[in-house]
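Coordinate-derived values only; no laboratory data. Fair warning: this is a prediction, and the values are worked out from it, not measured in the lab. Cβ: placed from backbone, ideal geometry, glycine included. Neighbour counts: every protein chain shown.
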Amino acid sequence: MTSISEDTSAAAQLCAQHGRALTIGEDRRALTVGFFGTSIMEHLEAYNALLVDQANLPKVGSKVTVEGWRQRGWVHRLALGLRAGFPHVTFDIRNHGEGGATSRDIAKIVADDRTTNCVDYDLVFLGCGINDVWRRFQGRTAEAVRIEEYTRHIDAMLAQLGGYSRQVVVISETPFGAIEEPETVGKMNVELAGYNEAAAKAAADHGALFLDVWAPFIAVARQLASAPANHEIAGLWSDGVHLSELGDTVLLRQAEHFLAAHRTVEKLLA
């Protein structure tokens, strides 16, 4: 059995890896992290307490009532990773992702958040564009956002967020999977790649960091597509747009590696 003193020592060693030692009872540092984007960030899941109680799981074949929705996906897992890696820091995670949102919608969410909450952020992730493109291919032209308007929105959001956020990270959109005929998916991805290029330029213009998750997604998808037929493995998408657990993991790894490479949290704590 591990003693309390051994547990405390292990925690101190973990904190020491990030340049400080843990002192019981001291004032904790706090970082506020915001996420603005689409359902890729929001990632709602149906919830019932019985489904997560390992000591009281419902029997196979039984039925449970959905008690509500909660946010999970890569943002939730990234937050857990931050809290595990920096246990001496309190992370105030504010996930403003919204399913179906275009850049037009997200620009309003950003503006409303500032007006309503007046929160100063230490770190912000901003991503949009996939619904801007998808809506046009769905025939929902009134909701679609052309790249010229998209560029105006992302410029405006970066100018606004830059005024009260210490570090902004623009994250590229993930590509479309098999949602339509291959030719249509190809056209959507060509168009969406242009939106990601506009996002990268806007990030550079506003002094924000840019996290490109497109290339890693394409690389993993190609490797999975070339796997033997009897090689049982999940795909990256649950429906060609929303991510599966594996897709979430690819995105999570990129975000974690990016923050580590830039020493983003360490710099915010310095």
Original post:
Got a sec? How would GLU183, GLU266, GLU173 order by Cβ neighbour count within 10 Å, fewest to most?
Top reply: GLU183, GLU266, GLU173
Subject >> HN-Hα J in Hz across region 249-259 - Karplus 6.51, -1.76, 1.60, θ = phi - 60°, x for Gly and Pro >> reply: 5, 4, 5, 4, 4, 5, 5, 5, 5, 5, 5
Subject >> Inter-site label distance for SER244 and LEU51 at 7 Å from Cα along Cβ, in nm >> reply: 1.8 nm
Original post:
Whose amide H sits under 5 Å from the amide H of ILE93, counting only residues 5 or more places off or on another chain, with H placed in the peptide plane?
Top reply: VAL33
Original post:
Which net charge results for the neighbourhood of ILE154, defined as the other residues with beta-carbon distances under 14 angstrom from its beta-carbon, given Lys and Arg at +1 and Asp and Glu at -1?
Top reply: -3
**OP:** Have a look at SER172, SER226, SER62 and tell me which one the Gaussian network model of the chain (Cα, springs below 10 Å) gives the largest fluctuation.
**Re:** SER62
Original post:
Rounded if a/c is under 1.5, else prolate if a/b is larger than b/c, else oblate: which is the chain, with a ≥ b ≥ c the root eigenvalues of its Cα gyration tensor?
Top reply: oblate
Subject >> Additional length obtainable on full extension of the chain from GLU180 to ALA234, 0.36 nm per residue less Cα span >> reply: 17.6 nm
Original post:
Which whole-Hz ³J(HN,Hα) couplings does region 102-115 yield from phi under the Karplus relation 6.51 cos²θ - 1.76 cosθ + 1.60, θ = phi - 60°, glycine and proline marked x?
Top reply: 9, 4, 4, 5, 5, 4, 5, 4, 4, 5, 5, 4, 5, 5
Subject >> Shape of region 110-183, Cα gyration tensor, a/c cut at 1.5 >> reply: prolate
Original post:
For the residue pair GLU149 and THR90, what label-to-label distance in nm results when each label sits 7 Å from Cα along the Cα-to-beta-carbon direction?
Top reply: 4.2 nm
Original post:
For ARG166, which sequence-distant residues (separation of 5 or more, or a different chain) have an amide H within less than 5 Å of its own amide H, given hydrogens modelled in the peptide plane?
Top reply: TYR121, ASP122, LEU123
Subject >> Extension gain (nm, one decimal) between ARG29 and LYS108, 0.36 nm per residue minus Cα-Cα >> reply: 25.4 nm
**OP:** Could you list the residues of region 31-53 with an amide nitrogen less than 15 Å from a label point located 7 Å from the Cα of ASP120 in the Cα-to-C-beta direction?
**Re:** 31-33
Original post:
Amide H to amide H under 5 Å from GLY129: which residues, 5+ apart in sequence or cross-chain, H placed 1.01 Å off N in plane?
Top reply: SER103
**OP:** Would you list the P(r) distribution for region 129-270, with all Cα-Cα distances sorted into 5 Å bins from 0 and each bin expressed as a whole %?
**Re:** 2, 9, 16, 19, 19, 16, 11, 6, 3, 1, 0
**OP:** Please give the net charge around GLU143, taking every other residue with its beta carbon less than 13 angstrom from that of GLU143, where Lys and Arg add +1 and Asp and Glu add -1.
**Re:** +2
